[in-house]
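First comes the structure, then the notes that go with it.
The values are calculated or read from the model by the stated rules, or taken from the named source; none is laboratory data. These numbers were taken from a predicted model, which means no experiment stands behind them. Quick reminder, even Gly has a Cβ in these numbers, built from the backbone with ideal geometry, and neighbours come from all protein chains shown.
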Ligand SMILES: Nc1ncnc2c1ncn2[C@@H]1O[C@H](COP(=O)(O)OP(=O)(O)OP(=O)(O)O)[C@@H](O)[C@H]1O
């Protein structure tokens with residue numbers, strides 16, 4: 001590896017009115033390096049990526065590419081300079097099919113197809129309209145589009161955040177190979193397991209400024225968290241919260257939610273399970289195994305073709321999401337753009353479930369709403385500097401707003417679909433603790449997560465879905481990552497097949513030497 005950086009940015013600053021998104025950011029990336037860009041929600045990571053790739057102009061700063069000063073004023077200029085991003089939100093135009101999207105951006109089709117296959121999607125129909133493609137697949141398509149033009153520096157902004165474990169693993173493999181072939185990758189992620197499996201060094205941002213650059217080596221996580229959060233470090237014990245709340249899983253005669261033989265076309269076959277009062281039940285599944293449909297059916301947004309759902313022992317039929325809300329079920333969807341009114345304020349968004357009842361209850365209710373909303377904002381440490389419109393918040397802070405809403409709404413059953421996607425480590429801890437506290441209050445949580453390690457932190461029990469069926473149920477003590485991965489691939493318990501888990505992605509020096 002040469003010591004001359006491929007990309008070298010210093011003193012980068014960007015203000016949005018009174019909000020300083022970046023004050024003094026620097027980032028230096030070597031050829032062949034996978035370089036992590038880390039920081040808490042709102043630290044300025046996405047802003048820096050957007051500046052480096054010509055999506056927005058900087059107010060100050062200098063960018064050198066291969067030692068030459070470059071003024072990257074547009075995405076096209078960035079592409080010419082060899083820099084290509086994959087942003088947090090999917091970039092395909094929703095009303096066009098994939099092929100038209102490729103043509104629009106001058107992406108070579110065959111290399112794109114090859115990358116799509118390589119990334120674990122064997123049967124993409126490029127005539128499919130982007131709007132009809134699930135979020136996780138859209139993100140992979142954005143990555144394939146970027147890879148197809150063979151960039152010198154690939155900038156990935158929380159690329160794996162919306163991906164189930166099998167697709168995330170493919171992405172990590174591809175990223176590592178980019179590094180091995182002398183190309184560089186700037187990798188933003190809130191998942192330490194990925195950073196340590198993949199990255200050579202990390203640059204840490206805090207409040208818009210670079211606070212340090214570290215080599216990734218065993219035990220570095222602690223130091224990075226300290227640098228990221230500064231005075232905000234949380235020393236909470238989720239395990240303690242779990243123990244405290246476990247006794248409260250009341251032995252009522254009826255479970256909170258009882259699902260029997262749920263059917264939906266080819267997506268759900270005979271899904272049955274119970275969710276107890278005061279229980280956090282995890283749902284683990286690879287991409288497209290019916291988890292989206294299961295959550296949508298429980299949230300009242302699609303009607304199952306067969307089977308029954310009972311709430312507290314009483315059968316329910318949902319024709320609309322409002323029916324599920326009436327039954328005390330709150331839904332936090334994985335796609336935050338689905339949940340949020342982007343042009344409304346943080347407060348309005350959090351208070352949405354209250355709004356319907358407002359007229360009926362008058363000023364007392366309004367006051368209570370204010371209190372509840374303020375406490376949810378404080379609890380989740382939502383960065384309200386840009387709160388006029390939710391669309392101006394950082395991705396992680398938007399996600400926190402979707403979560404704050406169900407705390408404020410005081411629902412009895414909470415369906416969380418990958419709620420911590422894009423959330424920084426400090427706030428994640430807060431969310432785990434909060435879920436355990438909610439369980440302690442007798443609330444029930446169904447928790448789909450694409451981060452398997454979260455299961456151990458939050459859940460009492462895990463349901464594994466494969467091919468639209470519940471294939472296994474684990475008490476949390478037995479739900480380690482290899483066991484969950486095996487079950488998620490439809491393998492029987494105890495089978496010894498190597499399905500490759502994240503920890504294995506980065507080859508050991510011995511394996512590297514051997515290959
Ligand atoms: N268009 C905008 N108008 C006003 N403020 C903005 C705008 N875009 C970003 N900001 C603010 O700039 C700050 C940095 O945001 P940025 O998206 O870069 O953070 P981030 O580190 O990527 O966070 P996350 O981990 O949550 O994605 C935040 O306070 C955000 O609210």
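Of note:
- Which numbered condition residue 236 fails, given (1) modelled with pLDDT under 90; (2) in contact with a helix residue (DSSP H, G or I) (Cβ under 6 Å, 6 or more places away or on another chain); (3) under 17 Å from residue 41 (Cα atoms): (3)
- Answer residue from the stretch 64-80, given it is in a loop (DSSP other than H, G, I, E, B) and in contact (Cβ under 8 Å) with a residue 60 or more places away in the chain and is farthest from residue 147 (Cα to Cα) among those: 67
- The residue that is surrounded by the fewest Cβ atoms within 10 Å (Cβ to Cβ), counting only those in the stretch 124-152 that are out of contact with any strand residue (DSSP E or B) (no Cβ under 8 Å at 6 or more places or on another chain), in a helix (DSSP H, G or I) and touching a residue at least 60 places away in the same chain (Cβ under 8 Å), is 135.
- Filtered residue count, the stretch 18-37, keeping only those that are in contact with a strand residue (DSSP E or B) (Cβ under 9 Å, 6 or more places away or on another chain) and near the ligand (Cβ under 9 Å from one of its atoms): 4
- Of everything listed in (1) outside any loop (DSSP other than H, G, I, E, B); (2) away from the ligand (no atom under 16 Å from the Cβ); (3) modelled with pLDDT under 95, the single unmet condition for residue 121 is (1).
- Residue check for residue 194: more than 16 Å from the ligand (Cβ to nearest atom), more than 30 Å from residue 313 (Cα to Cα) and at pLDDT 75 or above: no
- Residue in the stretch 29-37 that is more than 25 Å from the chain's Cα centre (by Cα), within 29 Å of residue 396 (Cβ to Cβ), modelled with pLDDT under 95 and in the same structural domain as residue 209 (by TED's automatic domain parsing) present: no
- Single unsatisfied condition, residue 225 versus (1) surrounded by fewer than 23 Cβ atoms within 10 Å (Cβ to Cβ); (2) at pLDDT 95 or above; (3) more than 30 Å from residue 292 (Cα to Cα): (2)
- The stretch 402-454 - residue that is outside the structural domain of residue 311 (by TED's automatic domain parsing) and within 16 Å of the ligand (Cβ to nearest atom) and, of those, nearest to residue 376 (Cα to Cα): 404
- Taking the criterion of being over 17 Å from residue 212 (Cα atoms) and either surrounded by fewer than 16 Cβ atoms within 10 Å (Cβ to Cβ) or away from the ligand (no atom under 11 Å from the Cβ) (or both), the residues of the stretch 8-17 that qualify are 15, 16, 17.
- Screening the stretch 291-352 for strands (runs of 3 or more DSSP E) wholly inside it with 1 or more residues that are free of Cβ contacts under 8 Å to residues at least 60 places away in the same chain and closer than 21 Å to residue 469 by Cα returns the ranges 306-311.
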